[in-house]
Amino acid sequence: MATNNVLDAVLAQYETSKQGGSSSTSKFTQEERMKKYFAAILQDKETQGQRRLRILPTKDGSSPFVEVKFHEVQVDGKWVKLYDPAQEGKRSPLNEVCEGLMMSGVDSDKELARNYRSRKFYIVKVIDRDHEADGVKFWRFKHNHKGDGVIDKIFPIFRNKGDVTNPENGRDLILSLTLTKAGTGKEYTVINSVLNDDPSALHTDADVAKTWLDDELTW
């Protein structure tokens, strides 16, 4: 029953996103924090490669993909993602700037407003198969309104193979990465495809699997 609930939740969430759209107090050093994030990024001198991960199931049978909104802004010349407090009913200065620019009626202001608009991301708990010793990690990726984003590559696997998060007979996901260039000439990693491995247990050691499944840490 839990498996069906997860699958139904993922299918329903995907269809909703296509139509439109509690936390731990543990403190970490920067190094520890970075070990808790899965990065689908090619390393230096890599032009293509693969990364393997396993999505962990939720305890209540809900979709493992948490939808969160972030602003993407430049701070000291670097692009950073800032959590949008409006999704908690709190004041959001960046949203206020966006709304103000949109209301001016000036085309250039409307174009500028795009820089202050928050965008939807997904956050999911995973096990990085290349670094299992790090334990549970969080993977964050952007929603793509064109329908060719990461979630759109993962969804068919759920639809065709069932609940890949099942700890007993779920499936690892294999990400195919390649390097591409933006219009500015800057290179960045893109996920070309997402494949699924054969059914397998989360871990051959039941104690290790239980530790991962019982991990209470939230993003």
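The values are calculated or read from the model by the stated rules, or taken from the named source; none is laboratory data. The structure presented is a predicted model; accordingly, all values stated were derived computationally and were not measured. Here the Cβ positions follow ideal geometry from the backbone for every residue, glycine too, while neighbour counts run over all protein chains shown.
Quick look at the values:
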| read-out | value |
| --- | --- |
| Residue match in the stretch 60-67 (condition: polar (S, T, N, Q), surrounded by 12 or more Cβ atoms within 10 Å (Cβ to Cβ) and modelled with pLDDT under 90) | no |
| Per-region count, the stretch 74-104, residues closer than 17 Å to His143 by Cα and either in a helix (DSSP H, G or I) or not hydroxyl-bearing (Ser, Thr, Tyr) (or both) | 5 |
| Qualifying residue in the stretch 21-34 (condition: modelled with pLDDT of 90 or more, surrounded by 10 or more Cβ atoms within 10 Å (Cβ to Cβ) and aliphatic (A, V, I, L, M)) | no |
| Residue satisfying all of: in the stretch 86-98; surrounded by 14 or more Cβ atoms within 10 Å (Cβ to Cβ) and not hydrophobic (A, V, I, L, M, F, W, C); nearest to the chain's Cα centre (by Cα) among these | Gln87 |
